[in-house]
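This report refers to the structure that appears directly beneath it.
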Amino acid sequence: MATAISSLITPPALYLRCRSTASASVSVSARLSFRAVAAPQARGRGLALRVAASSAVLEAPAEVAARKLYVGNIPRTVTNDELRDMFAAHGTVERAEVMYDKYTNRSRRFGFVTMSTAEEANAAIEALNGTEVGGRKIKVNVTESFLPNIDLSAPEPEPVFVDSQYKVYVGNLAKSVTTEVLKNFFSEKGQILSATVSHIPGTSKSKGFGFVTFSSEEEVEAAVATFNNAELEGQPIRVNRA
């Protein structure tokens, strides 16, 4: 009987193991419970930090414009690095970029320089505006002073341009040349498919170049031979294969 009763009593070693396992389970549960609660908070803090960091680098457009400079009438040979070097003596240059024509890859004779502060931008204007670079007097202004000089009026709807593999680039166009003027000019000497003058996006201001398309290679050759260096609106135009 004693043997039977003793067999029903949990041995001390087994009791300790059970209690240890139970404690471990409670401990694990507690840790899991803590992580389940703490994780959203940690994610929230991380998100808040990221939002704060992103907000810290944002600037009002007026503040950026006050230190971003328009640099005009520069020689075509000036590179981004040379433009940066011109302004480096007057402060920290964050960015310097010469604007290039995407079709001809030629400099458009102007660029933009962003200084680190408005004070440095003003110092650069005082020192460099009107100075000579490569025999040309450059113009240096903050972009907010430059922008009002651009025609921001909405352009009239342009006729649909019919593209073709037989196409010529027409450069050095006077600002008064419209798509209709360009089309009529080329149509006087032969048949064309279409014509277009490129504009600054969102404005009616011409970029000074355009394209004319034809139906054959012979018409392209004739157009280049006839119209290259011809005068349109008081300016000699450049006509090349596009």
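The values are calculated or read from the model by the stated rules, or taken from the named source; none is laboratory data. As the structure is a prediction and not an experimental result, all values here were calculated from the model. All Cβ positions, even for glycine, are placed from backbone atoms using ideal geometry, and neighbour counts span all protein chains on display. Ligands, DNA and RNA are excluded from the accessible area calculation, which covers all protein heavy atoms including side chains. Shrake-Rupley method; radii C 1.70, N 1.55, O 1.52, S 1.80 Å.
Of note:
- Test: Glu82 is open to solvent by 40 Å² or more (accessible area, probe 1.4 Å), within 30 Å of Phe209 (Cα to Cα) and either in a strand (DSSP E or B) or not polar (S, T, N, Q) (or both): yes
- No other residue among Val224, Val239 is within 22 Å of Met99 (Cα to Cα), touching a residue at least 24 places away in the same chain (Cβ under 8 Å) and outside any loop (DSSP other than H, G, I, E, B) apart from Val239.
- Which listed residue is in contact with a Ser or Thr (Cβ under 8 Å, 6 or more places away or on another chain), open to solvent by 20 Å² or more (accessible area, probe 1.4 Å) and farther than 19 Å from Gly130 by Cα, from Thr77, Thr104, Thr92: Thr92
- Here is the figure for region 85-111: residues that are within 23 Å of the chain's Cα centre (by Cα) and closer than 13 Å to Val71 by Cβ total 14.
- Members of region 112-135 that are under 23 Å from the mean Cα position of the chain (by Cα) and of a type in the set (Gly, Ala, Ser): Ser116, Ala118, Ala121
- Some residue of region 231-242 being on the phi < 0 side of the Ramachandran plot, open to solvent by 50 Å² or more (accessible area, probe 1.4 Å) and modelled with pLDDT under 90: yes
- Residue in region 63-79 that is without any contact (Cβ under 8 Å) to a residue 12 or more places away in the chain and under 30 Å from Asn240 (Cα atoms) present: no
- Residues within region 170-203 that are over 25 Å from the mean Cα position of the chain (by Cα) and open to solvent by less than 40 Å² (accessible area, probe 1.4 Å), tallied: 12
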